[in-house]
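Trainee: Handing you this structure, nothing more for now.
Readers should treat all values here as calculations from the given coordinates under stated rules, not as data from a laboratory. All of these numbers come straight from a predicted model, not from anything done at the bench. Neighbour counts run over all protein chains shown; Cβ positions are idealised from the backbone, glycine included.
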There are 2 protein chains.
Amino acid sequence: MIQPRPRTIPEATVARLAVYLRVLTGLADGGRTTVSSGELASAAGVNPAGLRKDLSHLGSCGVRGVGYDVRALRERIARVLGAERSRPCVLVGIGNLGTALADYAGFGSRGFHFVGLFDASPARVGHTIGGLTVQPMEELETAVTATDASIGVIATPADVAQQVCDRLVEAGVRSILNFAPATLTAPAGVDVRPVDLSVELQVLAFLGQQRAVPAAEVTA
Amino acid sequence: MIQPRPRTIPEATVARLAVYLRVLTGLADGGRTTVSSGELASAAGVNPAGLRKDLSHLGSCGVRGVGYDVRALRERIARVLGAERSRPCVLVGIGNLGTALADYAGFGSRGFHFVGLFDASPARVGHTIGGLTVQPMEELETAVTATDASIGVIATPADVAQQVCDRLVEAGVRSILNFAPATLTAPAGVDVRPVDLSVELQVLAFLGQQRAVPAAEVTA
DNA sequence: AGCCGCTTGTGAACGCAGGAACAAAGTCGC
DNA sequence: GCGACTTTGTTCCTGCGTTCACAAGCGGCT
Ligand SMILES: NC(=O)c1ccc[n+]([C@@H]2O[C@H](COP(=O)([O-])OP(=O)(O)OC[C@H]3O[C@@H](n4cnc5c(N)ncnc54)[C@H](O)[C@@H]3O)[C@@H](O)[C@H]2O)c1
Ligand SMILES: NC(=O)c1ccc[n+]([C@@H]2O[C@H](COP(=O)([O-])OP(=O)(O)OC[C@H]3O[C@@H](n4cnc5c(N)ncnc54)[C@H](O)[C@@H]3O)[C@@H](O)[C@H]2O)c1
């Protein structure tokens, strides 16, 4: 039993660790060397106790009475998240959204870089975005194999998203981020993470509507 | 006690309701009139029992032995979510991402439309995107008041996101969708929903990495 | 008209996440 | 060198979300 640390980290904790990592990087750039859980929690918008519980999943790294060493904690989280080396990603569907993603410089500093851009439209193929040239879909499989891309991003229309997903899986991609408003099915062992902006807006709208209703509740 | 239905719907349920709504719209367009919970659940990628529990939050709407009437259920969900009439939104930061959002036709069919586009850069102001002209930041407050915009979307760089948030709140916006990688603070009564794509990628990367590790676990 | 099969809706159990409180531990001041 | 204060790490507990399982209800068939 060399590993007393439980292998399983809750997914909600993982998402927060990524936020802590971003905040810590900002603090380090600002010259801070140590930070307390309360300070870090308020900067990340979470509860201090919850933050300490999250950090406890990766072993004691703080000093009682002082706080956490910013650089050491950042290193620790980066190692757990596997953010030490940059991961190669491929992007399919270079339309409005896909172009913005391909052009986004922020992914590089967070451990991700695109190694391939693909589109079915001849009008898009050949354009250069963020230093990469858009390739036709025929080259998807060979490019994924050659670059050993680990993450695929889908930004195509919804009606072809499943086909694109299948081709990515077939090519060996095991992690997929899907922006198309469609529910994708993939075999076991493949993670598909949907990002549906309309759903986010609808949740916001519902919360706002519910906030307005309770006042009229007493009138019933 | 005229309202036997509990006023509180779990947020996780609300997000799934939005997905059901999308799936139901697709089914209705395909000509389907009824659908069973199992079918709808598999199309939405959730557990059938969970789907029924979600729907139970808005009262019985199904017919035992038959299933749900597609149109009626869609109407019911749309009413609960407040998606019957389109909600006016303002978008701040018309860069790469903001342009894609402003140009996106899909929001209209999901109950949202932009009534104002704003940017601080003179190079952006005056451009027309999706039928709207980009306005300077000075006009934000008056435009929000005039259009009674209920939702604000932030697509500016992270270092000015908090200022933009403050101005939106000051102008009367009570729901904010934030794409900038920054933790925003807002007064009580204002909902801020972050969408951090880097975090999504990092969660994917972690899950993929964890999937690969267990095989080597026995070697320790 | 009565029975059968199918599907919904709900009740209970389980597991998990979140929050508060407390003990351990280390540092700073004297 | 010692005491007190600060902050972490953990433990307990409460509440929520999810899943399973079953009884109730309705349509269709005979
Ligand atoms: N633009 C947004 O702000 C936004 C917001 C929310 C969701 N989305 C979703 O993201 C996806 C992309 O949106 P968009 O606005 O960029 O659309 P878009 O039409 O501008 O771009 C789609 C791109 O996919 C390409 N494409 C079409 N079929 C393809 C195929 N079979 N294989 C590969 N590429 C193919 C097209 O050539 C086009 O370049 C859509 O599913 C949309 O619903 C977009
Ligand atoms: N582009 C992407 O794919 C992507 C992905 C993830 C996150 N983001 C985030 O979304 C935000 C926007 O990204 P982008 O790629 O569109 O950046 P961008 O630089 O292309 O656009 C930013 C826009 O905001 C405007 N702006 C700057 N300061 C402003 C202010 N004070 N008030 C109003 N407008 C102001 C700029 O003029 C510019 O047009 C950034 O925070 C980025 O980190 C973008």
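Trainee: Among the listed residues A:L91, A:L101, A:L40, A:L17, which satisfies the condition of being within 11 Å of DNA strand D (Cβ to nearest atom) and hydrophobic (A, V, I, L, M, F, W, C)?
Mentor: Checking each option against the conditions leaves just A:L40.
Trainee: If you don't mind, another one. With the structure loaded, tell me whether B:A12 is within 16 Å of DNA strand D (Cβ to nearest atom) and out of contact with any Leu (no Cβ under 8 Å at 6 or more places or on another chain) or whether it fails that test.
Mentor: Answer is yes for this residue.
Trainee: Scanning the stretch A:80-102 for residues that are over 16 Å from the mean Cα position of the chain (by Cα) and of a type outside the set (A, V, I, L, M), which turns out surrounded by the fewest Cβ atoms within 10 Å (Cβ to Cβ)?
Mentor: Here the answer is A:G95.
Trainee: Of all residues in the stretch A:35-68, count the ones that are under 14 Å from A:A18 (Cβ atoms) and more than 14 Å from chain B (Cβ to nearest Cβ).
Mentor: The number of residues fulfilling the criteria is 1.
Trainee: With A:R71, A:R16, A:R22 as the choices, which residue is away from chain B (no Cβ under 12 Å), more than 25 Å from A:G172 (Cα to Cα) and either within 16 Å of ligand 1 (Cβ to nearest atom) or not in a loop (DSSP other than H, G, I, E, B) (or both)?
Mentor: The match here is A:R71.
Trainee: Okay, moving on. Any idea how many residues of the stretch B:74-83 are more than 8 Å from every other protein chain (Cβ to nearest Cβ) and in contact (Cβ under 8 Å) with a residue 12 or more places away in the chain?
Mentor: Matching residues across the stretch B:74-83 total 4.
Trainee: Filter the stretch A:145-174 down to residues that are among the hydroxyl-bearing types (S, T, Y) and surrounded by 17 or more Cβ atoms within 10 Å (Cβ to Cβ) and give me whichever is farthest from ligand 1 (Cβ to nearest atom).
Mentor: A:S150
Trainee: Go through the stretch A:126-140 residue by residue and tally those that are surrounded by 14 or more Cβ atoms within 10 Å (Cβ to Cβ) and more than 20 Å from A:A180 (Cβ to Cβ).
Mentor: Qualifying residue count for the region: 3.
Trainee: Condition first: more than 16 Å from ligand 2 (Cβ to nearest atom) and surrounded by fewer than 17 Cβ atoms within 10 Å (Cβ to Cβ). Now tell me which residues in the stretch A:14-37 satisfy that.
Mentor: Residues satisfying the conditions are A:A28, A:G30, A:G31, A:R32, A:T33, A:T34, A:S36.
Trainee: Might you let me know whether the stretch B:195-207 holds any residue that is among the small types (G, A, S) and more than 10 Å from chain A (Cβ to nearest Cβ)?
Mentor: Within the stretch B:195-207, not a single residue is among the small types (G, A, S) and more than 10 Å from chain A (Cβ to nearest Cβ).
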